[in-house]
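**Q** This structure is in structure tokens; I'll ask about it shortly.
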Amino acid sequence: MRPGVTRGIAILALALIFVGVMMSVHWPQVGQDQQPPTTEEVAKTLFGEDNNSGYGLVMLLIGLLLLVALLGGVFLAKEEKE
């Protein structure tokens, strides 16, 4: 097979896996008597009440990883002059 066809099949397979996972997750429904979470509640869940709880450090590390990936992509995409 050609490389383009192989890539297309791989992308399609990953997209189908992604859709399957998203469809299999039980997403909570907000009922008539429930209120959606406020911004403050979401912030407390993500970053915690104090410095030792929450997901602040994890989000910082993920952001750093994404920054490094972006810089690596820019470096690889840069055209070299001969």
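**Q** Just give me the residues in the range 1-39 being over 22 Å from the mean Cα position of the chain (by Cα), assigned to a helix (DSSP H, G or I) and loosely packed, with under 10 Cβ neighbours inside 10 Å, in sequence order.
**A** PRO3, GLY4, VAL5
**Q** Any residue in the range 58-74 that is surrounded by 10 or more Cβ atoms within 10 Å (Cβ to Cβ) sitting within a Cβ distance under 9 Å of a residue that is among the hydroxyl-bearing types (Ser, Thr, Tyr)? List the pairs, counting only those 6 or more apart or interchain.
**A** none
**Q** Please go through the range 40-59 and give me each residue that is within 18 Å of the chain's Cα centre (by Cα) and either at pLDDT 85 or above or of a type in the set (Ser, Thr, Tyr) (or both), ordered by number.
**A** Correct list: THR45, TYR55.
The values are calculated or read from the model by the stated rules, or taken from the named source; none is laboratory data. As the structure is a computational prediction, the values presented were derived from the model and not from experiment. Heads up, the Cβs are rebuilt from the backbone with ideal geometry, glycines too, and the neighbour counts pull from every protein chain shown.
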